[in-house]
1. Pull up all non-local amide H partners of L86: gap of 5 or more, or a different chain, and H-to-H distance under 5 Å with H placed in the peptide plane.
2. With a sphere of radius 12 Å drawn around the Cβ of M151, what net charge do the other residues whose Cβ falls strictly inside it have (Lys, Arg +1; Asp, Glu -1)?
3. Setting aside same-chain residues fewer than 8 positions from K96, which aspartates and glutamates have a Cα under 12 Å from its Cα?
4. Which residues make up the longest stretch of the chain that has no trypsin sites (Lys or Arg not before Pro) in a DSSP loop with at most 10 other Cβ atoms within 10 Å?
5. When the Karplus curve 6.51 cos²θ - 1.76 cosθ + 1.60 is applied with θ = phi - 60°, which whole-Hz ³J(HN,Hα) does each residue of the stretch 87-97 get, with x for Gly and Pro?
6. Just in the stretch 53-109: which GluC sites (Glu not before Pro) are loop by DSSP and have at most 16 other Cβ atoms within 10 Å?
7. Rounded to whole Å, give me the distance from the Cα center of the stretch 10-53 to that of the stretch 204-222.
8. For K45, go through the lysines and keep the ones whose alpha-carbon is under 29 Å away, minus same-chain ones fewer than eight residues off.
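Bear in mind these aren't lab numbers, they're just calculated from the coordinates by the rules spelled out. This one's a predicted model, so the numbers in the text were calculated from it and none came from an experiment. Note: ideal-geometry Cβ built from the backbone for every residue, glycine included; neighbour counts use all protein chains shown.
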Amino acid sequence: MELKLSGKISLVSGSTAGIGLAIATELAKEGATVIVNGRTQERVKRAIDQIKEIAPDAKVHGVAADLGTATGAEELFQQFPEVDILVNNLGIYGAKAFEDISDREWMNILEVNVISGVRLARQYLPLMLTKNWGRIIFISSESALNIPAEMIHYGVTKTAQLSLARGLAETTVGTNVTVNSVLPGPTRSEGVEDFIQGLAENQKVTREQVEKEFFEKTRPSSLIQRFAETSEVAALVAFIASPVSSAINGAALRVDGGVVRSIV
């Protein structure tokens, strides 16, 4: 399918690794100009090089800025005041018992996972509405619906993204601007790979055994019984970012392998 992304300018926050890098790569392959973002110039350059290896003719720019802060967002806006496609992928997580999560940790995860997207949408959405075309996509998680007891603060931020995206979509009535959320399930990202490898070494078993046990005990509702590849998540995001997805607005779209036991 021709996604008609040539000439579109896209920004993917937190895109130097994992799902973010896969999304940036997929958009570049489809002909969009891509702005890669990370906190250090070294990681941004490495990500651009990786994208160029796969899509040599891609138009790729980089911004080294912490978009979890107002200062970092302002640095971005100075360099790129306008984009056609915004993918709010930046996010942090970490397992911790609820009673041990401090106020500071709550504020930090809200700032990074939610407020970063607020700032970026506040900058770019009005310009999209003026041009009468644009796409905003929030990378949420199945944890928005299945709140994990081991990291409640993370689940809360993912649910907040769904509300934020739907609310912003309500402001686009009658336009060619859309705002949607994508909910990945367990995905084979950089962090997950390290996690699996560490467990395998500690338990003196194979990586395949660790993955099998994870889905048997931790995510038994998964219908695919494996980690999704980052490219599988990126494929859905690229479609939602494209002009051919124009009838999809205000939606929360799952690419979770069937983990969430719900038909709505």
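1. Sorted by chain and number, the residues that satisfy this are L11, R135, I136, I137.
2. Working: positive: K96, K158; negative: D100, E105, E150.
So the surrounding residues net to -1.
3. Partners within reach: E105, E150.
4. Values: sites that count: K204, R261.
The longest uninterrupted stretch comes out as 1-203.
5. Result, rounded to whole Hz: 10, 7, 9, 3, x, 10, 7, x, 6, 6, 4.
6. On the way: sites: E53, E74, E75, E82, E99, E105; in loops: E82.
Taking the stretch 53-109 and a limit of 16 other Cβ atoms within 10 Å, the loop GluC sites (Glu not before Pro) found are E82.
7. 30
8. K4, K8, K29, K59, K158
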